[in-house]
Amino acid sequence: MGKPEGKGLMDLVRNRLGTGATVDDLVEALGPRGFGALISLLALPAALPFPAAGYAIPFGMGIVILGLGLATGKGRPWLPARILKHRLPLPRPDSRIWRVLAYLESLFRERPPKLQGPLRVIAGAVTCCMGVLMMIPIPGTNTLPGASTFLMGLGLLYGDGLWTSAAVALGAGLLGLYAAAAVRIFRLVHLFQ
């Protein structure tokens with residue numbers, strides 16, 4: 001199964017949005033795939049192995065809100081009106097972003113399973129949990145949840161059930177790992193009291 005004609009992000013940005021497009025135009029054009037675009041955009045800084053000073057909590061909260069919308073079956077992501085009216089900068093034709101998008105579109109494509117029913121609810125719940133884990137104020141603890149969430153967002157954006165399922169599995173594993181670490185820390189703290 002290939003990517004349906006004209007549904008690629010490069011096509012959307014280059015040919016259908018044009019200059020002067022707003023965030024609302026992008027979200028409207030993407031429809032339910034807008035969840036993936038916004039989730040990956042918010043998760044990218046946390047996925048990078050750099051300190052998350054100042055953005056982990058607001059971006060994590062945004063991911064939680066998007067995950068709730070995804071889990072509850074909303075048709076498109078909710079954003080405040082002030083953000084929706086913001087104009088998007090269109091990258092120059094020689095910008096590196098086009099090469100990055102071309103590479104992403106070579107990795108991600110529409111394939112099963114479709115994100116509907118229980119898988120959509122589970123993906124939304126895992127996205128919410130990853131958003132919460134990204135807000136932990138301990139250096140280095142948000143990179144893995146950020147990477148999982150970034151992968152989830154790209155899978156959702158491109159309708160790639162394989163990558164979305166892999167991100168759900170990775171997120172569930174991370175939840176288990178963080179829960180086990182929290183239990184150990186809790187026991188250790190009680191040992192010294």
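The values are calculated or read from the model by the stated rules, or taken from the named source; none is laboratory data. Since this is a predicted model, take the numbers as computed values, not measurements. All Cβ positions, even for glycine, are placed from backbone atoms using ideal geometry, and neighbour counts span all protein chains on display.
Restricted to segment 152-167, and to residues there that are assigned to a helix (DSSP H, G or I) and in contact (Cβ under 8 Å) with a residue 60 or more places away in the chain, the residue that is farthest from residue 123 (Cα to Cα) is 158. Return yes or no: is residue 108 under 24 Å from residue 178 (Cα atoms) and either touching a residue at least 40 places away in the same chain (Cβ under 8 Å) or touching a His at 6+ places or on another chain (Cβ under 8 Å) (or both)? The answer is no for residue 108.
Condition check for residue 24 on (1) surrounded by 14 or more Cβ atoms within 10 Å (Cβ to Cβ); (2) touching a Gly at 6+ places or on another chain (Cβ under 9 Å); (3) more than 18 Å from residue 152 (Cα to Cα); (4) not basic (Lys, Arg): one failure, at (2). Please work out if residue 137 is crowded, with 19+ Cβ neighbours inside 10 Å and either out of contact with any Leu (no Cβ under 6 Å at 6 or more places or on another chain) or more than 22 Å from residue 101 (Cα to Cα) (or both). No, not satisfied. Within segment 155-193, being among the hydrophobic types (A, V, I, L, M, F, W, C), within 12 Å of residue 113 (Cα to Cα) and touching a Gly at 6+ places or on another chain (Cβ under 6 Å) holds for 156, 163. Is it the case that residue 167 is at negative phi, of a type in the set (A, V, I, L, M, F, W, C) and either at pLDDT below 95 or surrounded by fewer than 18 Cβ atoms within 10 Å (Cβ to Cβ) (or both)? No. Checking the stated criteria, residue 186 turns out to be at pLDDT 90 or above and over 16 Å from the mean Cα position of the chain (by Cα).
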